[in-house]
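The values are calculated or read from the model by the stated rules, or taken from the named source; none is laboratory data. Predicted model, so just to flag it, every value in this text is computed and none were measured. Cβ placement follows ideal geometry from the backbone for every residue including glycine, while neighbour counts extend to all protein chains displayed. To get the accessible areas, we keep the full protein, side chains included, count just its heavy atoms, and leave off ligands, DNA and RNA. Shrake-Rupley method; radii C 1.70, N 1.55, O 1.52, S 1.80 Å.
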Amino acid sequence: MADAPASELENQTIRRVYWRLIPILFAMMFFNYLDRINLGYAGLTMNKDLGLSPAIFGFAASIFFLGYMVLEVPSNLMLHWLGARIWLARILITWGLVATLTAFVWNPLSLYVMRFGLGVAEAGFMPGVVLYLTYWFPARYRARAVAGYIIAGSFSAVLGGPISTSVMTWFDGAAGLHGWQWMFIAEGVPTILLGLFTLYYLTDRPAKATWLTREQADWLEGELAAERAEIAQQGQHRLIDCVLDIRVWLLATLFGCALVGIYGLLLWLPQIIKGMGNLSNIEVGFLSAIPPLLGVVGTIVVSRSSDKTGDRKFHLAGVYLLAAVAMLGSAYVQSPVLAFVFLCVVGFSLNAGNPLFWSINASLLTGAAGAASIALVNTLAQFGGLIGPWCIGLIKDSTGSFSWALVGIAGFLFIAAAIAAAMRVKPREPELTGAIPSSVAH
């Protein structure tokens, strides 16, 4: 059933909130992804400089996610209790410091330590931002809000390739440092500065927003309070409820399977493309930008379609199914050009599921239980980041090719599509804890 037409007050309030918050969240997300995936570009020359085999490089890429998992739930609870302004700034500043210091690793062990530390520093960022959006956007606007900043991940991959490989090429040897060292410094320092700016710019709740009129703040607080009350009518949510709710575990399994593909491809894409022909690092950087650029288009198109139709699960299943089929195509075709075309299709579809996943995840529970459930899902799902990049390296070491690795990724994406299609995300019966209102469950 179609929603009632929005009032002028509603339109003005949401527009002001969107343009106040989404741009800075976009910038945070841009550097979040860039500081995660720039290891893939560094590997074009760093692997030789440090004597890293594909398996060692893959393990270094994966150990980040172990560190990320360690503090994910506690970090999101700290954001809920201390406020987003302080806690998000802390996350940005500490991960920026670690990302910058990665420039000075000298052997595999030091690289492992810094990548693990980067994961610890970043823990809580993604679910924290999603939780923060629940303080500002009613559920009917949330997928578009998530899409508005989450596409920064694709933009960081689009611009990260050309920027990273250009810095590596042009600054190689400057002040006695390798190009990949300058890349880590150039992409880590801005994150620290952004964290300092966050302390000044962010507002924790609508009631504290001096940039909203009193009428706008009151309307928004009332809307969000009504949504929380509607969910609360289905039962009071305790912290233990996020563990007992089967949807949390299904959603974590689904997204973990998707992350095998997302991070496996992001961290290995430069080297996969490098293996397709005799290409310079800068050429690899620009070609690596095309699949995530298409991912921006896919994210916008799919999220708008999802909001318009009210469907989340079948849109989610569809994009993962398309990505799995295209991944198989890239593995089996003989033509490097056609293989790259299939990778572009993967790029279009794979990240388009992210705003749908986060919208479902943010709608399960409320209060501290909601904060914990968002973080728990994301924490459990990090098994995909743990096994994806590492397994690709192991398979590359043992077979000398990326083809079987792509087949394995496709299998995980098929599982993600099947869970999405079968998962029950509609409201439960009123007596069951953890149900969600029909206005946000699709």
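Some points to look at:
- Helices meeting the span-like rule in the chain (full DSSP H runs, Cα extent of at least 20 Å along the helix axis, mean Kyte-Doolittle score of 0.5 or higher): 54-70, 84-101, 108-122, 139-170, 179-201, 246-274, 290-309, 313-332, 336-350, 367-381, 383-399, 403-422.
- Average accessible area per residue (Å²) across the chain - probe 1.4 Å, nucleic acids and ligands excluded: 38
- Pairwise centroid distance, computed over Cα atoms, of segment 17-47 with segment 386-409, Å: 25
- If you take all other residues with their beta carbon under 13 Å from the beta carbon of His178, and give Lys and Arg +1 and Asp and Glu -1, the sum is -1.
- The overall shape of segment 141-209 is oblate: from the C-alpha gyration tensor, with semi-axes ordered a ≥ b ≥ c, the ratio a/c is 1.5 or greater and a/b is no larger than b/c.
- Peptide packing for 338-351, 276-289, 152-165 was compared via the average number of neighbouring C-beta atoms within 10 Å per residue; ordered from the highest value, the list is 152-165, 338-351, 276-289.
- Listed peptides 111-117, 10-16, 36-42 by packing density, highest first (mean Cβ within 10 Å): 36-42, 111-117, 10-16
- Of interest is the spacing of the C-alpha centroids, which for segment 67-91 and segment 268-310 amounts to 30 Å.
- Taking amide H as placed 1.01 Å from N in the peptide plane, Arg312 has its amide H under 5 Å from the amide H of His442, each at least 5 places away in sequence or on another chain.
- Carbon and sulfur %, accessible surface of segment 72-182 computed with the full protein complex present, 1.4 Å: 76
- The lysines within cross-link reach of Lys274, meaning a Cα-to-Cα straight distance under 22 Å and a gap of 8 or more places when in the same chain, are Lys48, Lys396.
- Segment 237-422, accessible surface, carbon-and-sulfur percent (1.4 angstrom probe): 74
- When you count the other C-beta atoms within 10 angstrom of each residue and take the mean per peptide, 79-92, 201-214 line up highest first as 79-92, 201-214.
- Formal net charge of residues neighbouring Pro23 (Cβ-Cβ distance under 14 Å; K, R +1; D, E -1): +3
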